[in-house]
Amino acid sequence: MSEKYIIDRVEGKYVIIEKENADIDKISISNVKGEFKEGDILINIDDKYFEVDKKFTEIRKKQIEDEMKDMWK
């Protein structure tokens, strides 16, 4: 299974990502295929390009929503 990266934010020409080990890195916007937004999960599709993994993005979104529900009980 390939490593996943969470999009933290966009700064200028770069996408700031958080790696699975919590390290922060940046990649060029031109290396991300398709549309993306903060919180999306990226996967590396080859040595240079990344794309949004819609399945894992939805799973993460659901997990966060579930945690937020429990927070306000």
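What follows draws every value from the coordinates through simple rules; no lab data is involved. These numbers come from a predicted model, not from an experiment. When we count neighbours, we look across all protein chains shown, and the Cβ atoms used for this are built from the backbone with ideal geometry, even at glycine.
Points to keep in mind about this one:
- Calculated [θ] (222 nm, deg cm²/dmol) that DSSP helices of n ≥ 4 give over the chain, each run adding -39,500 (n - 2.57): -8500 deg cm²/dmol
- Qualifying aspartates and glutamates (Cα of each under 17 Å from Cα of K69; at least 8 residues distant if same chain): E58
- Listed by chain and number, the lysines whose alpha-carbon sits under 16 Å from that of K26, ignoring those within fewer than 8 places in the same chain, are K4, K13, K37, K48.
- Cα-Cα pairs of the stretch 1-41 separated by more than 12 Å (percent): 55 percent
- Highest-fluctuation residue, D23, D40, D53 considered, GNM on the chain with Cα pairs under 10 Å: D23
- Scanning the chain for GluC sites (Glu not before Pro) that sit in a DSSP loop and have at most 15 other Cβ atoms within 10 Å, the longest stretch containing none of them is 39-73.
- Cα principal axis extents for the chain, largest first, Å: 43, 27, 24
- Listed by chain and number, the aspartates and glutamates whose alpha-carbon sits under 14 Å from that of K54, ignoring those within fewer than 8 places in the same chain, are E35, E38, D40.
- Student exercise, the chain dipole from Lys, Arg, Asp, Glu Cβ charges, in Debye to nearest 20: 200 debye
- In loop segments of the chain as defined by DSSP, the chymotrypsin sites (Phe, Trp or Tyr not before Pro) with at most 12 further C-beta atoms inside 10 Å of their C-beta are W72.
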